[in-house]
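Here is the structure we will look at.
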Amino acid sequence: MTLVFLSQLLNGLLDGFYYMLIALGLSLIFSLGGIVNLAHGAFFTLGAYLALVLTPHIGFFGALIVGPLIAAGVAMVVERTLFARFYREDPLYSLLLTFALSMIIEQSLRWYFGASPRAYSMPNELRGQVFMGDFVYSRYRFFLIGIAIATVAAVWVLLNRTAFGRIVRAGIQNPDILGTLGISLRPYLSAVVAIAIAIAALAGVLMAPLQPVHPMMGVEVGTAAFVVVVIGGLGSFWGVVVAALLVGLVKGLMIGIGYTQYSMLAIYLLMFVVLFLRPRGLLGERITRFE
């Protein structure tokens, strides 16, 4: 019984890791550009469908690289043609825009692939179990956790150890200062949107072997990712990381004690409690242009 409970906690952490991948992108896009990207879950779904299309030609590991790159290319077109028009507008307008964009993506996928769920085969190299004494866990799930940790670490290095990251962090806090130095945020905004959506698509590719691929699969994930951003706090990298792991553990705990049907409710209650005690979120930063 203890091992089953531990397995459910690990599954919850797994959910937390892919919420983290999506929430990091959401937080970056909103913090830097003021865009509430409701289409982020749709790009997660797009990543899963790209895995279906690409795998027969280049294999799973090829799809793991090429799928996010294609999504990044789409993201740059979306950023230049749509998002760029709304950076200085009320975030409510971007919310309506991205809601419409998510509907377009989902309905386009439904039209082309159909509404029926599609199965995606797990790569042979990652099938099987890992044995640690009496505890047994899926090799593929360990692989997914490893990729998620590596991706989050790479984003942290990009934001904290590069000139690109220093400008992005300055742009989040006070873009007017960059303007006085003659630094334009436009190319950085394009790059941030591309990176954020590529990571969401990466999460979609990774999740394709674990659940049926269908046009609405990004709805629950996208909603949970927004909850993570709210709990963690706007503009906080570590806030998103901590919140995602906390949300995953709460979900896994509820499933582990037999209350699967209340697992999502527990996440929303957690958000309510955090906002009641800390309206800015666990580690939310003060962002001048939003005050």
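The values are calculated or read from the model by the stated rules, or taken from the named source; none is laboratory data. It should be emphasised that the depicted structure is a prediction, and the values quoted were computed from it without experimental measurement. Note: ideal-geometry Cβ built from the backbone for every residue, glycine included; neighbour counts use all protein chains shown. Ligands, DNA and RNA are stripped out before the accessible areas are found, and what is left, the full protein with its side chains, is counted by its heavy atoms. Shrake-Rupley method; radii C 1.70, N 1.55, O 1.52, S 1.80 Å.
Under the combined filter of DSSP loop state and at most 16 neighbouring Cβ atoms within 10 Å, the range 58-167 retains these GluC sites (Glu not before Pro): Glu89. When shorter helices are ignored and each DSSP H run of at least 4 residues is given -39500 (n - 2.57), the per-residue value for the chain at 222 nm works out to -24500 deg cm²/dmol. The accessible surface of the chain, taken with every protein chain in place and a 1.4 Å probe, is 68 percent carbon and sulfur. Per-residue Karplus couplings for the range 45-57, computed as 6.51 cos²θ - 1.76 cosθ + 1.60 with θ equal to phi - 60°, are listed in order as 4, 4, x, 5, 5, 4, 4, 4, 6, 7, 4, x, 9 Hz, Gly and Pro entered as x. Accessible surface comparison of Arg118, Arg80, probe 1.4 Å, protein chains only, largest first: the order is Arg80, Arg118. The long axis of helix 186-207 is offset from the longest Cα principal axis of the chain by roughly 10 degrees.
Only one residue of Tyr49, Ile197, Thr180 has its Cα farthest out toward the positive end of the dipole of the chain, where Lys and Arg carry +1 and Asp and Glu -1 on Cβ, and that residue is Thr180. Between amide H atoms placed 1.01 Å from N, distances below 5 Å from Val130 occur with Tyr137, Ser138, Arg139, all of them 5 or more places distant or on a separate chain.
Treating the angle as unsigned and between 0 and 90°, give the value, to the nearest 10°, between the Cα long axis of helix 237-256 and the longest Cα principal axis of the chain. For helix 237-256, the angle is close to 30 degrees.
Note that the chain presents 47 Å² accessible area per residue, ligands and nucleic acids not counted, probe 1.4 Å. Computed from Cα atoms, the angle from the helix 139-160 axis to the main principal axis of the chain rounds to 20 degrees.
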